[in-house]
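Colleague: After the structure tokens below, expect a handful of questions from me.
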């Protein structure tokens, strides 16, 4: 059957946390609480940290024991149509480099989860390799990735529910023949997820869609059960669009090949992450709800949209940060109208006149709010007067 099975992966507690200023670090001992909020949102995989970082192993272990052994009620969706509620326990991942010690420490931190995951990575872009692995040839770096997956899988020999994710850092700027070889080696050694990041946010959604189509073909031909993952940064404000490009490419491939495709999109709460951030989970989810119906096959996924505003506020408050008033989906001003023309239009035609979705669907307290503004004008003040009567 042609369909796309989509999992949302959250790295707020790793990529998001490592980017925060010292004064905004999540307080020590809070990762399990934050992970619980993220799990209740409906996230399938939670990357709880980088266990080799000082102090992180204990926190990742706590997330694994608590959140990784708890079941959450999550809504299942076919495109934007609710299918029902299911009980689900998230996968708990720990990031590590390709060294054996890193991998061993990551495994020790996540192994108490029902669904543990080792996420190992190596840079494959030539400039990255030259800077990070001086003296090593591309062939040696290739073997580093292969051996890392091999070692990670050896630790899981008696744990059929454990998985390995392999990432080629800076995949989007890697020579493709070389990248294909690295990907196939990882799959041959048993990688369950192949991640191809746009690490420095340099690509556009049109380029990424073609790129994902090629990656899907490489991976599916090697093992159709492997999941293809997107990890995009927002340096040029393309992270959400680039991430949705994977959904589009997978849907087209599933239609042509008449077989299901498994994909994953890596996100953070409100786009926290290095430099300009990662793909924002709320923007990604809203894109799926809005555009999946236009795709040639159905997208099956899980998410609790009604918890979005609450989750954004709770998680960011743990870092002493406020949700930006214009943050997509969860920002307060996404439902506020201060222009007279807009206020009048919403009063006469409902929130859909000037809002692409119902804000209450995402947990906002109203579908529209009218406030006085410089451009309110007579029609806007009249509209507000009518709503207050």
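Colleague: Residue check: is residue 166 surrounded by fewer than 22 Cβ atoms within 10 Å (Cβ to Cβ), under 22 Å from the mean Cα position of the chain (by Cα) and touching a residue at least 40 places away in the same chain (Cβ under 8 Å)?
Modeller: So residue 166 does not fit the description; no.
Colleague: Here is a follow-up. Output yes when any residue across segment 112-135 is buried (at least 17 other Cβ atoms within 10 Å of the Cβ) and free of Cβ contacts under 8 Å to residues at least 40 places away in the same chain, and no when none is.
Modeller: Yes, segment 112-135 contains at least one residue that is buried (at least 17 other Cβ atoms within 10 Å of the Cβ) and free of Cβ contacts under 8 Å to residues at least 40 places away in the same chain.
Colleague: Out of 123, 154, report the one residue that is out of contact with any helix residue (DSSP H, G or I) (no Cβ under 8 Å at 6 or more places or on another chain) and under 28 Å from residue 44 (Cβ atoms).
Modeller: Answer to the check: 154.
Colleague: Can you name the condition, by its number, that residue 261 falls short on among (1) within 17 Å of the chain's Cα centre (by Cα); (2) buried (at least 24 other Cβ atoms within 10 Å of the Cβ)?
Modeller: Against the list (1) within 17 Å of the chain's Cα centre (by Cα); (2) buried (at least 24 other Cβ atoms within 10 Å of the Cβ), residue 261 comes up short only on (1).
Colleague: Find the residue count for segment 294-307, including only residues that are in a helix (DSSP H, G or I) and in contact with a strand residue (DSSP E or B) (Cβ under 9 Å, 6 or more places away or on another chain).
Modeller: 2
Colleague: On the given criteria, is residue 184 more than 21 Å from the chain's Cα centre (by Cα) and more than 27 Å from residue 111 (Cβ to Cβ)?
Modeller: Values: more than 21 Å from the chain's Cα centre (by Cα): yes; more than 27 Å from residue 111 (Cβ to Cβ): yes.
In short, yes.
Colleague: Scan segment 370-381 and give yes if some residue there is surrounded by 14 or more Cβ atoms within 10 Å (Cβ to Cβ) and modelled with pLDDT of 75 or more, otherwise no.
Modeller: yes
Colleague: Is it the case, given these coordinates, that residue 43 is closer than 30 Å to residue 213 by Cβ and modelled with pLDDT of 95 or more? Even if it seems obvious, please write down each step before you answer.
Modeller: Numbers: closer than 30 Å to residue 213 by Cβ: yes; modelled with pLDDT of 95 or more: yes.
Taking the combined requirement at face value, the residue satisfies it.
Colleague: When you check residue 114 against the structure, is it in contact with a strand residue (DSSP E or B) (Cβ under 8 Å, 6 or more places away or on another chain), in the same structural domain as residue 166 (by TED's automatic domain parsing) and either within 25 Å of residue 34 (Cα to Cα) or not in a strand (DSSP E or B) (or both), yes or no?
Modeller: no
Colleague: Going by the structure shown, is residue 246 closer than 24 Å to residue 47 by Cα and without any contact (Cβ under 8 Å) to a residue 40 or more places away in the chain?
Modeller: yes
Colleague: Listed residues 312, 276, 319; which is within 21 Å of residue 47 (Cα to Cα) and surrounded by fewer than 16 Cβ atoms within 10 Å (Cβ to Cβ)? Write out each step before concluding.
Modeller: Numbers: 312 fails: surrounded by fewer than 16 Cβ atoms within 10 Å (Cβ to Cβ); 319 fails: surrounded by fewer than 16 Cβ atoms within 10 Å (Cβ to Cβ).
Sole residue among the options that is within 21 Å of residue 47 (Cα to Cα) and surrounded by fewer than 16 Cβ atoms within 10 Å (Cβ to Cβ): 276.
Colleague: Okay, moving on. For segment 169-202, which positions are surrounded by 20 or more Cβ atoms within 10 Å (Cβ to Cβ) and out of contact with any strand residue (DSSP E or B) (no Cβ under 7 Å at 6 or more places or on another chain)?
Modeller: Of everything in segment 169-202, just one residue is surrounded by 20 or more Cβ atoms within 10 Å (Cβ to Cβ) and out of contact with any strand residue (DSSP E or B) (no Cβ under 7 Å at 6 or more places or on another chain), namely 171.
Colleague: A further question on this structure: Condition (residue is farther than 20 Å from residue 26 by Cβ and in contact with a helix residue (DSSP H, G or I) (Cβ under 7 Å, 6 or more places away or on another chain)) applied to segment 310-324: is it met by at least one residue? Steps first, answer last, please.
Modeller: To start, the set of residues in segment 310-324 that are farther than 20 Å from residue 26 by Cβ comprises none.
No, every residue in segment 310-324 fails to be farther than 20 Å from residue 26 by Cβ and in contact with a helix residue (DSSP H, G or I) (Cβ under 7 Å, 6 or more places away or on another chain).
The values are calculated or read from the model by the stated rules, or taken from the named source; none is laboratory data. None of the values given here were measured: they were computed from a predicted structure. Because the Cβ atoms are built from the backbone with ideal geometry, glycine has one as well, and the counts that use them run over all protein chains shown.
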